[in-house]
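Okay, so here's the structure we're looking at.
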Amino acid sequence: MQMELSSISRLILDLLSETSPEYGARLKQRLNSALVKQGHEHFSERTYGFSRFRDFLQKSLSGSISIERPSGSGDILVHLVKKPAMTVSSGPTAVSEILPVIRSDVWQAFIQPDLSRKRYLRKSTGQLLHFLEGANTAIATEVNDAKQDFAEIIPVKPEVQLAWMRDYLTSTSVSASAKEAIRPLLSAAYSSMLNATFTRALGDQGAEWRAHRTHLVHRRIDEWCKLNGVPIERLAAATKTESLAPPAIPGANDSPRAQAIRLLETLSEDDISRIILPMLATTMFVKARMAS
């Protein structure tokens, strides 16, 4: 299962909250380890339209991190800002607001609309439990036997997230030709890949869209917390600082083409046909329309 771009960003902030600063290569290793544990695919910045991990970090986490470049050859050092927070806007016209960084597992629970999965948060600790609806498991029994101790998380519906995208495209300042090229994307069913493609197609406005969407999701989370009597701080990422040493990454010096081939070899035929090919075709279509 491919993870949302915003969830990837949140997970990286979680990792940096545990260890900051962190070398770029090690950060990517830890990111992939966390993704695998959560049942997701390995991360590739190229899936989201970036040629280098550094570029992905700069574009996706601008304002939340700083990147220290080596004086000569070597790896970048990624720093989390002193107070983990995100500056967002309430619409295409920026209105600054500082929001706490929500844990990636909680963030994903609110934005991944999988109707077959039930998600519950333990009110006293903030622990997130999830299971398939109708499943007879220990976790399901634990929740059902003490419903008063838990609050169910209902994710934002796909049609609502599509409506957010359409409203943003209508009101944003991108050119009329760009809007015409992007609008056909929004006739498809919502998915994390659609959101990633939409963000990339917006070009320089992509960062503003991410901030705007972050605000909308955060507002939903804040409303949910108030409704269920859960302090929002209970959902925030923890902070910690540790020492580090540069890691060795197998294949880190390969060409981008070689890295792409190696990553493709880790995917199934179904993943390639369902995720990679549609994303590439859509990206090429948008670029062609915007260039014409």
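Here are a few things to note about the model shown:
- Of the residues making up the stretch 185-206, those that are open to solvent by 50 Å² or more (accessible area, probe 1.4 Å) and touching a residue at least 40 places away in the same chain (Cβ under 8 Å) number 1.
- Residues located in the stretch 148-176, provided they are of a type in the set (Ser, Thr, Tyr) and open to solvent by less than 40 Å² (accessible area, probe 1.4 Å): TYR168, THR172
- Strands (runs of 3 or more DSSP E) fully within the stretch 1-91 counting 2 or more residues that are modelled with pLDDT of 80 or more and either in contact with a strand residue (DSSP E or B) (Cβ under 6 Å, 6 or more places away or on another chain) or surrounded by 16 or more Cβ atoms within 10 Å (Cβ to Cβ) (or both): 65-68, 77-80
One line per residue, one yes/no per condition, for (1) closer than 22 Å to ARG103 by Cβ; (2) of a type in the set (D, E, K, R):
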site: SER173; (1), (2): no, no
site: LYS179; (1), (2): no, yes
site: PRO184; (1), (2): no, no
site: CYS225; (1), (2): yes, no
site: VAL230; (1), (2): yes, no
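- In the stretch 117-175, the residues that are touching a residue at least 60 places away in the same chain (Cβ under 8 Å) and within 23 Å of ALA188 (Cβ to Cβ): VAL156, TYR168, SER171, THR172
- When the stretch 207-227 is filtered for residues that are over 19 Å from SER62 (Cα atoms) and open to solvent by less than 40 Å² (accessible area, probe 1.4 Å), the ones remaining, listed by number, are ILE221, TRP224, CYS225.
- Filter result for the condition that a residue is out of contact with any Asp or Glu (no Cβ under 6 Å at 6 or more places or on another chain), modelled with pLDDT of 90 or more and within 28 Å of PHE43 (Cα to Cα), over VAL230, VAL160: VAL160
- In the stretch 111-147, residue modelled with the lowest pLDDT [restricted to those that are under 21 Å from the mean Cα position of the chain (by Cα) and open to solvent by 70 Å² or more (accessible area, probe 1.4 Å)]: LEU115
The values are calculated or read from the model by the stated rules, or taken from the named source; none is laboratory data. None of these values were measured; they are calculated from a predicted model. Reconstructed Cβ throughout: ideal geometry from the backbone, glycine too, with neighbour counts over all protein chains shown. The accessibility values were calculated without ligands, DNA or RNA, using every heavy atom of the protein model including side chains. Shrake-Rupley method; radii C 1.70, N 1.55, O 1.52, S 1.80 Å.
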